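Written below as structure tokens is the structure these notes are about.
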């Protein structure tokens with residue numbers, strides 16, 4: 001079965017600093033990968049998805065970017081964080097057949 | 001447009017009482033439907049899913065959901081709630097096009113009274 005590792009689990013960063021959140025997947029090959037953000041008291045907003053290495057689709061215009069340098073690695077980045085980037089970031093994996101599996105999340109606080 | 005609506009933001013039930021969480025969706029093709037549960041500070045865990053076939057699906061932890069195409073609904077039910085069921089519940093819809101992405105509802109927070 002799939003296992004998704006996310007790190008760091010918790011991050012406190014000042015406004016204007018860079019960001020890198022990493023996600024790696026075990027137990028499957030060539031999955032679709034996703035970054036969701038969950039703001040306090042809100043549902044899940046899809047930020048990016050990827051159907052293969054180097055293929056990134058952005059769902060909403062924002063201050064963030066994503067990259068997929070390897071089949072089972074998905075990175076969320078920012079060059080300069082905004083206060084509004086605070087939230088709970090979830091990486092998810094969907095094998096070619098099946099449901100979405102989630103990592104444990106990374107909580108980002110921008111001060 | 002694809003969307004999921006969970007009309008109830010917060011529900012409180014007594015332990016041992018029955019539970020129904022509502023979910024309505026809008027989706028242009030045959031929907032694949034899911035219910036996930038999230039404990040505070042954790043990722044999401046799949047409770048159950050509907051792809052095709054029998055419209056009443058059974059999931060983990062004693063949950064079930066019924067797909068009603070005519071009402072565009074996929075409500076989650078449990079006959080007897082346990083205190084450990086207190087969590088946030090998300091309904092989601094998606095397919096295998098557009099990268100297989102899932103669209104989530106806003107979630108329903110469930111509190112359980114002793």
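Bear in mind that the values in this text are calculations on the coordinates, not laboratory data. It should be emphasised that the depicted structure is a prediction, and the values quoted were computed from it without experimental measurement. Positions of Cβ are backbone-derived with ideal geometry, glycine not excepted, and every protein chain shown enters the neighbour counts.
The table for this structure:
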{"read-out": "Shielding by partners, peptide A:9-15 (average Cβ within 10 angstrom, other chains)", "value": "0"}
{"read-out": "Relative contact order for chain A, counting Cα pairs under 8 Å that sit 6 or more residues apart, in percent", "value": "37"}
{"read-out": "Residue order, fewest to most surrounding Cβ atoms within 10 angstrom, among A:37, B:69", "value": "B:69, A:37"}
{"read-out": "Peptide A:100-110 - average C-beta neighbours from other chains (10 Å radius)", "value": "3"}
{"read-out": "Over chain B, relative contact order from alpha-carbon pairs under 8 Å, at least 6 apart, %", "value": "37"}
{"read-out": "The stretch B:47-113, relative contact order in percent, only Cα pairs under 8 angstrom and at least six apart counted", "value": "21"}
{"read-out": "Alpha-carbon Debye profile of chain A, log10 I(q)/I(0) at 0.15, 0.21 Å⁻¹", "value": "-0.57, -1.12"}
{"read-out": "Computed over the stretch B:1-65, Cα set: Rg, Dmax in Å", "value": "13.3, 38"}
{"read-out": "Ranking of A:15, B:13, B:4, B:57 by count of other Cβ atoms within 10 Å, fewest first", "value": "A:15, B:13, B:57, B:4"}
{"read-out": "Chain B: Rg to Rh, with Rh as the Kirkwood radius over Cα pairs", "value": "0.96"}
{"read-out": "Percent of beta bridges antiparallel (DSSP, chain A, rounded to nearest 5)", "value": "90"}
{"read-out": "For the protein assembly as shown, convex hull of alpha carbons as volume per residue, Å³", "value": "121"}
{"read-out": "Backbone N under 14 Å from the residue B:12 label point (7 Å along Cα→Cβ), restricted to the stretch B:59-103", "value": "none"}
{"read-out": "Inter-probe distance in nm under a simple model that places probes 7 Å from Cα toward Cβ, at residue B:5 and residue A:70", "value": "4.5"}
{"read-out": "Fraction of the pair-distance distribution of the stretch A:27-87 above 20 Å, Cα-Cα pairs, percent", "value": "29"}
